[in-house]
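Q: Following this message is one structure expressed as structure tokens.
The values are calculated or read from the model by the stated rules, or taken from the named source; none is laboratory data. Model, not experiment: these values are computed from the prediction. Accessible surface areas use protein heavy atoms only, side chains included; no ligands, DNA or RNA. Shrake-Rupley method; radii C 1.70, N 1.55, O 1.52, S 1.80 Å.
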Amino acid sequence: MIVVNLDVMMARRKMSLNELSEHVGITIANLSILKTGKAKAVRLTTLDAICRALECQPGDLLEFRPDE
């Protein structure tokens, strides 16, 4: 299972969903879907924009957890 740690990185950078939405150019609704783990896919261009805005690596946002 892939877990999205977007909320963790946003908290570390003290950035709100509104701010991230403005920096990345993605709607708050779409970021919320990604943040809650309900997204089935993410474009690499979106991941790139989020990493640039949060000054992080993709591995800081995505984590693999084996099925338990």
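Q: Of all accessible surface on the chain at a 1.4 Å probe, what whole percent is carbon and sulfur?
A: Whole-percent figure for carbon plus sulfur exposure: 52.
Q: Moving on to the next point. Three principal axis extents, largest first, for the C-alpha atoms of the chain, in Å?
A: 36, 21, 19
Q: Let me ask something else about it. Mind checking the angle between helix 44-54 and the chain's longest principal axis? C-alpha axes, 0 to 90 degrees, to the nearest 10.
A: 60 degrees
Q: Now for a separate question. GNM on the chain, C-alpha springs below 10 Å: top fluctuator among L17, L44, L31?
A: L44
Q: Quick one: what are the phi-derived ³J(HN,Hα) couplings along the stretch 11-28, Karplus 6.51/-1.76/1.60 with θ = phi - 60°, whole Hz, x for glycine and proline?
A: Values per residue, Gly and Pro as x: 5, 4, 8, 6, 10, 7, 4, 4, 4, 4, 4, 5, 5, 8, x, 10, 5, 4 Hz.
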